[in-house]
């Protein structure tokens, strides 16, 4: 007799796992929420919600897989940027632009991270920290210290600078509800993203460059 | 026959309304949450939870009253700062310090604002915007434009600058969970608040001052 999961495995369309994650990401981005309903996920992806159980165990597992997908992308991009031979100020400029683009694409990301750290057991919370937050923290140390040593940056605490930078870049997209409900403005347009990216790069770079 | 609410009114200790709000604020600050349980509120305040119904109607009314209390304090403080005869850069410096202190005292505030805008009907969402967000938005317009006109500030968009500034100042305290669970660091200490305040003032001022 075939196991149920093997039965499902032979029936699933190729790329179904990625498609579930893409759809979950789109639902949270569009709805400005950090949760999904499995019935909406099934409806929008055209995939049976039994596949969530098959691939991720349950909804919590799906959210964890989405955090992994999004954070792995960031850590790889930061690693690649740090591996390039580049002036620290040009590197930081590119990084700030990438942070704005990331929150435009995945405005739920910081809230998802907070939710999963809160709801996870201590081992899983430490896994998230070790896998994603520690590498980013080390990259900030190196990037800022390189710039300070070369006299390009003022001497700032790299860890505090991590919070001011990511907070500034994220705010516009995570405050979308206020813009939408109170001012009838949609924050998630490419034009506003581009203006906000330029504003963040100008302001944060001016805030750290030595004169 | 006495109405129930009049019976309660004659029994309540003086200051009970403020005490309920203070306790709700402390519960959300300490727990890093944007919700309260009425039984915990009653236990910690020593007040009967029927008083929540008496003063606020229900829990949603209590949360709204807490937002009103906290946001009124901010709008009054910003009005007072704007009314003083002061150099724009000194005014902005003091404002940034006050924003950091506000998020240290009420780290739930931005999330509470988002929650209430989301869960309110359109009239209430507009009331929140008109009463609190519009005055802050006008104050940023005036503060930044004064500085640009006097040649003290670079020319920046005051509205985008509002998002980068509040996002930067808030991040440290709203990311407390990550610091706590992953790095065993408690963000809500006066020593870290003071370091973060200094960092925010230095970085944001350097980001806007004309050279």
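Here the stretch A:163-178 is the region considered, the condition is being more than 7 Å from chain B (Cβ to nearest Cβ) and surrounded by 21 or more Cβ atoms within 10 Å (Cβ to Cβ), and the residue that is farthest from the chain's Cα centre (by Cα) is A:165. Regarding residue A:43, is this residue in a helix (DSSP H, G or I), free of Cβ contacts under 8 Å to residues at least 60 places away in the same chain and in contact with a helix residue (DSSP H, G or I) (Cβ under 8 Å, 6 or more places away or on another chain)? Spelling it out, it is not the case that residue A:43 is in a helix (DSSP H, G or I), free of Cβ contacts under 8 Å to residues at least 60 places away in the same chain and in contact with a helix residue (DSSP H, G or I) (Cβ under 8 Å, 6 or more places away or on another chain).
Has the stretch B:192-199 got any residue that is facing chain A (nearest Cβ under 7 Å), in contact (Cβ under 8 Å) with a residue 12 or more places away in the chain and either within 22 Å of residue A:166 (Cβ to Cβ) or buried (at least 17 other Cβ atoms within 10 Å of the Cβ) (or both)? Yes: the stretch B:192-199 contains one or more residues that are facing chain A (nearest Cβ under 7 Å), in contact (Cβ under 8 Å) with a residue 12 or more places away in the chain and either within 22 Å of residue A:166 (Cβ to Cβ) or buried (at least 17 other Cβ atoms within 10 Å of the Cβ) (or both). Of all residues in the stretch B:1-18, those satisfying the criterion of being modelled with pLDDT of 75 or more and either under 30 Å from residue B:179 (Cα atoms) or not in a helix (DSSP H, G or I) (or both) are B:12, B:13, B:14, B:15.
Is it true that residue A:70 is at pLDDT below 95 and surrounded by 13 or more Cβ atoms within 10 Å (Cβ to Cβ)? No.
Residues in the stretch B:98-119 that are under 8 Å from the mean Cα position of the chain (by Cα) and either free of Cβ contacts under 8 Å to residues at least 24 places away in the same chain or within 9 Å of chain A (Cβ to nearest Cβ) (or both): B:110 only. Among the conditions (1) free of Cβ contacts under 8 Å to residues at least 60 places away in the same chain; (2) assigned by TED's automatic domain parsing to the domain that holds residue A:130; (3) over 17 Å from the mean Cα position of the chain (by Cα), residue A:76 misses just one, which is (3).
Got a sec? Which of B:152, B:156 is closer than 19 Å to residue B:93 by Cα, surrounded by 15 or more Cβ atoms within 10 Å (Cβ to Cβ) and more than 8 Å from every other protein chain (Cβ to nearest Cβ)?
Numbers: B:156 fails: more than 8 Å from every other protein chain (Cβ to nearest Cβ).
After ruling out the rest, the residue left standing is B:152.
The values are calculated or read from the model by the stated rules, or taken from the named source; none is laboratory data. As the structure is a computational prediction, the values presented were derived from the model and not from experiment. As a convention, Cβ positions derive from the backbone with ideal geometry for all residues, glycine included, and neighbour counts pool all protein chains shown.
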